[in-house]
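S.K.: Pasting in a structure now, in structure tokens, and then I'll have a few things to ask.
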Amino acid sequence: MKNTFKIILSSLCLIAGLSFSSCKNDKEDSSKDVAEDQNKTEFNDNKQDKNNAQFVVDVAAANYYEIGLSKYAADRSATKDVKDMAHMIVRDHGIALNDLKTVAAHNSISIPNEDTARVNDKIRSWRDKKQSDFEKAYIDEMVNEHKNAVDKLEKGANGDVNNNDVTAWINSTLPVVRTHLQKFTDMQKMMK
């Protein structure tokens, strides 16, 4: 009887350990994490190339995040202006992301292919909001994300990035992101 109990207890501990281990690995192996690990291996000997790669990974992840949230906003929003902005973000950031993928491929930089977990977490936090509260939360998030993006892109343009292809992408993308920030900021002011 004691041996049977020990076997059952050991089996339960093993199953619990494997379950926790697999949950941990799913969390750790996000698309962004995988890209970062691949770039560390690829650019192990060159700090500047690693920095360039990390910049590209971060910007790609930000684009996926904004696209995912904007797709949700385009579907959920009842306000024409919010829907129109959400569609514009999906379109413009989709173009920027595709161009960034080309730059990344040309420079052997791995990038994430999604930002599903972060998008889903944010959407879950919005699900129970009233329509007007949701739209305000979306606009506030887009203002915050675009401020961060402008800051990151400006730093990249001013020397944080040392890659001609990435710098050219920054120079073509930054004016669009600034325009988005201005439009979202204007919308934010009107909602207060």
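Coordinate-derived values only; no laboratory data. Keep in mind that this is a model prediction, so the values were computed, not measured. Every residue, glycine as well, gets a Cβ built from its backbone with ideal geometry; the counts of neighbours run over all protein chains shown.
S.K.: Which residue pairs have Cβ atoms closer than 8 Å, lie 6 or more positions apart in sequence or on different chains, and pair a first residue in the stretch 40-57 that is buried (at least 19 other Cβ atoms within 10 Å of the Cβ) with a second residue that is among the charged types (D, E, K, R)?
M.R.: Once the first residue is buried (at least 19 other Cβ atoms within 10 Å of the Cβ) and sits in the stretch 40-57, its partners that are among the charged types (D, E, K, R) give PHE43/ASP49; PHE43/LYS50; ALA53/GLU42; PHE55/LYS152; PHE55/ASP160; VAL57/LYS32; VAL57/GLU36.
S.K.: Still on this model: Cβ-Cβ under 8 Å, sequence separation 6+ or interchain: first residue in the stretch 133-153 and within 11 Å of GLU66 (Cβ to Cβ), partner outside any helix (DSSP H, G or I). Which pairs?
M.R.: Partner pairs satisfying both residue conditions: TYR138/SER77.
S.K.: Kindly provide the set of residues from the stretch 168-189 that are of a type in the set (S, T, N, Q) and surrounded by fewer than 16 Cβ atoms within 10 Å (Cβ to Cβ), ordered by number. Working first, answer last.
M.R.: Keep residues of the stretch 168-189 that are of a type in the set (S, T, N, Q), which gives 171-173, 179, 182, 185, 188.
Passing the criteria: ASN171, SER172, THR179, GLN182, THR185, GLN188.
S.K.: Looking at the stretch 134-152, is at least one residue loosely packed, with under 14 Cβ neighbours inside 10 Å, within 15 Å of the chain's Cα centre (by Cα) and over 19 Å from GLN54 (Cβ atoms)?
M.R.: yes
S.K.: Name the single residue that is farthest from the chain's Cα centre (by Cα) among those in the stretch 109-133 being assigned to a loop (DSSP other than H, G, I, E, B) and among the acidic types (Asp, Glu).
M.R.: Ranking the qualifying residues of the stretch 109-133, first place goes to ASP128.
S.K.: While we're here: Quick one: in the stretch 37-95, of everything that is over 28 Å from ASN163 (Cα atoms) and acidic (Asp, Glu), which residue is nearest to the chain's Cα centre (by Cα)?
M.R.: ASP75
S.K.: May I pose another question? Would you check which residues across the stretch 105-133 are within 27 Å of GLN48 (Cβ to Cβ) and acidic (Asp, Glu) and list them?
M.R.: ASP115
S.K.: Farther than 25 Å from SER30 by Cα, of a type in the set (Gly, Ala, Ser) and surrounded by fewer than 19 Cβ atoms within 10 Å (Cβ to Cβ), is that true of ALA105?
M.R.: no
S.K.: Is the stretch 120-132 home to any residue that is in contact (Cβ under 8 Å) with a residue 40 or more places away in the chain and buried (at least 19 other Cβ atoms within 10 Å of the Cβ)?
M.R.: For the stretch 120-132, residues in contact (Cβ under 8 Å) with a residue 40 or more places away in the chain and buried (at least 19 other Cβ atoms within 10 Å of the Cβ): absent.
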